[in-house]
1. Counting only residues that are part of a loop (DSSP other than H, G, I, E, B) and touching a helix residue (DSSP H, G or I) at 6+ places or on another chain (Cβ under 8 Å), which one in region 78-103 is nearest to LEU36 (Cα to Cα)?
2. Checking GLN65 against (1) among the polar types (S, T, N, Q); (2) more than 26 Å from LYS35 (Cβ to Cβ); (3) touching a Ser or Thr at 6+ places or on another chain (Cβ under 9 Å): exactly one of these is not met. Which one?
3. Considering region 23-77 alone, what residues qualify as being among the small types (Gly, Ala, Ser) and either in a loop (DSSP other than H, G, I, E, B) or in contact with an Asp or Glu (Cβ under 8 Å, 6 or more places away or on another chain) (or both)?
4. Determine the pairs where a residue that is basic (Lys, Arg), located within region 122-151, has a partner that is exposed (fewer than 14 other Cβ atoms within 10 Å of the Cβ) with Cβ atoms under 7 Å apart, the partner being 6 or more residues away or on another chain.
5. Return the residue satisfying two criteria in turn: it lies in region 74-117 and is among the small types (Gly, Ala, Ser) and under 30 Å from ALA7 (Cβ atoms), and of such residues it is nearest to the chain's Cα centre (by Cα).
6. Any residue at all in region 26-39 that's modelled with pLDDT of 95 or more, surrounded by 16 or more Cβ atoms within 10 Å (Cβ to Cβ), out of contact with any strand residue (DSSP E or B) (no Cβ under 6 Å at 6 or more places or on another chain) and not hydrophobic (A, V, I, L, M, F, W, C)?
7. Which of the following residues is at pLDDT 95 or above and either in contact with a strand residue (DSSP E or B) (Cβ under 6 Å, 6 or more places away or on another chain) or crowded, with 17+ Cβ neighbours inside 10 Å (or both): GLU106, GLU50, GLU97?
Amino acid sequence: MSDQDAARAALVQGLQDDIAREYQAIIQYVIFSQKLDKAQYMNIADQLVEHAHQELNHALAIARQLDYLGAYPVHTPKTVEVSEDNEKMLWADLRAEDNTIKNYRERIRQADALGEVALAEVLRGIVKEEQDHQIDLATALGVTHDDRIRKEKEPK
């Protein structure tokens, strides 16, 4: 296998992981948007509904890119994290967004290296929305969206 073929295979595998994370996010946002139950969380609950729709759009965009690359999208989500506690729900979503953004940034580097300009641009658009989700969640929790600083503040 050539270096180019190996790089393309790594990109496809990364996109498969990305779409599985999008499925996870859809499920968590749907559940949490309905389960948040204190007045202080009502605004973020409405935002989570919107996030769920955006995550579905991300999954569809990734599926289209996988098809373009000749791959069939995976059908299993990453592990869904649930809780009955409002704050734990929001932290679960925030950790997932942090991880998603980190992985999409890597995927953008891979796409750029392979000359897949359109894919890189699609991913940049997704990262912009994911960062908006990250900011919404961090604001609801009263913490910074910068996960390099925030890790110290997350409850155990």
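1. Initially, region 78-103 is screened for residues part of a loop (DSSP other than H, G, I, E, B), giving 78-85.
Adding the requirement that they be touching a helix residue (DSSP H, G or I) at 6+ places or on another chain (Cβ under 8 Å) leaves 78-84.
Numbers: LYS78: 22, THR79: 20, VAL80: 16, GLU81: 15, VAL82: 12, SER83: 10, GLU84: 8 Å.
Looking at residues that are part of a loop (DSSP other than H, G, I, E, B) and touching a helix residue (DSSP H, G or I) at 6+ places or on another chain (Cβ under 8 Å), I get GLU84.
2. (3)
3. ALA25, SER33, ALA59, GLY70, ALA71
4. These pairs meet every condition: ARG150/THR144.
5. Going through the qualifying residues, I end up with ALA96.
6. Yes, region 26-39 contains a residue that is modelled with pLDDT of 95 or more, surrounded by 16 or more Cβ atoms within 10 Å (Cβ to Cβ), out of contact with any strand residue (DSSP E or B) (no Cβ under 6 Å at 6 or more places or on another chain) and not hydrophobic (A, V, I, L, M, F, W, C).
7. GLU97
Residues checked against (1) hydrophobic (A, V, I, L, M, F, W, C); (2) touching a His at 6+ places or on another chain (Cβ under 6 Å); (3) at positive phi:
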| position | (1), (2), (3) |
| --- | --- |
| GLU22 | no, yes, no |
| LEU69 | yes, no, no |
| HIS75 | no, no, no |
| GLU81 | no, no, no |
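The values are calculated or read from the model by the stated rules, or taken from the named source; none is laboratory data. Just so it is clear, the model here is predicted, and its values are computed rather than measured. Methodologically, a virtual Cβ is constructed for each residue, glycine included, from the backbone with ideal geometry; neighbour enumeration extends over all protein chains shown.
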